[in-house]
Amino acid sequence: MSVAESLRARAAETPALLDDAAARAERFARQHLPALAPAARWALSGIGASEGVARSVAQWLREEARRDAAFVPLSRWHAESPPDADLVLLFSQ
């Protein structure tokens with residue numbers, strides 16, 4: 001198999017792999033979310049590569065889990081008025 005053929009084969013697998021990863025993440029979240037139900041306000045943060053994950057999870061929590069969740073930049077935690085939240089999720093690399 002040539003390099004080009006190998007790359008095409010791997011690229012063809014990508015959508016299925018992404019669907020599988022998304023399904024696993026959603027199953028995990030739905031399994032563990034009830035334990036966190038008492039939290040009314042959620043603040044999620046992350047830097048670098050983890051920022052995208054934190055933003056995505058905050059969006060999923062708002063849209064799919066119907067939680068009051070927001071991404072909060074890490075720099076805001078050192079401000080005079082840090083975010084008001086019942087639960088903080090910090091994503092790290």
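The values are calculated or read from the model by the stated rules, or taken from the named source; none is laboratory data. Small disclaimer: the values here were computed from a predicted structure and weren't measured. Glycine also receives a Cβ, built like all others from the backbone with ideal geometry; neighbour counts cover every protein chain displayed. Heavy atoms of the whole protein, side chains included, go into the accessibility calculation; ligands, DNA and RNA do not. Shrake-Rupley method; radii C 1.70, N 1.55, O 1.52, S 1.80 Å.
Descriptive notes on the structure:
- Answer residue from segment 38-93, given it is of a type in the set (Lys, Arg) and closer than 18 Å to Phe28 by Cα and is surrounded by the most Cβ atoms within 10 Å (Cβ to Cβ) among those: Arg67
- Cross-chain or 6+ apart pairs with Cβ under 7 Å, segment 59-73 first and on the phi < 0 side of the Ramachandran plot and hydrophobic (A, V, I, L, M, F, W, C), then modelled with pLDDT of 90 or more and open to solvent by 40 Å² or more (accessible area, probe 1.4 Å): Ala69/Arg62; Phe71/Arg55
- If you go through segment 1-10 and keep only what is assigned to a helix (DSSP H, G or I) and exposed (fewer than 10 other Cβ atoms within 10 Å of the Cβ), you end up with Val3, Ala4, Glu5.
- Identity of the residue in segment 21-68, over 15 Å from Leu90 (Cβ atoms) and among the acidic types (Asp, Glu), that ends up modelled with the lowest pLDDT: Glu26
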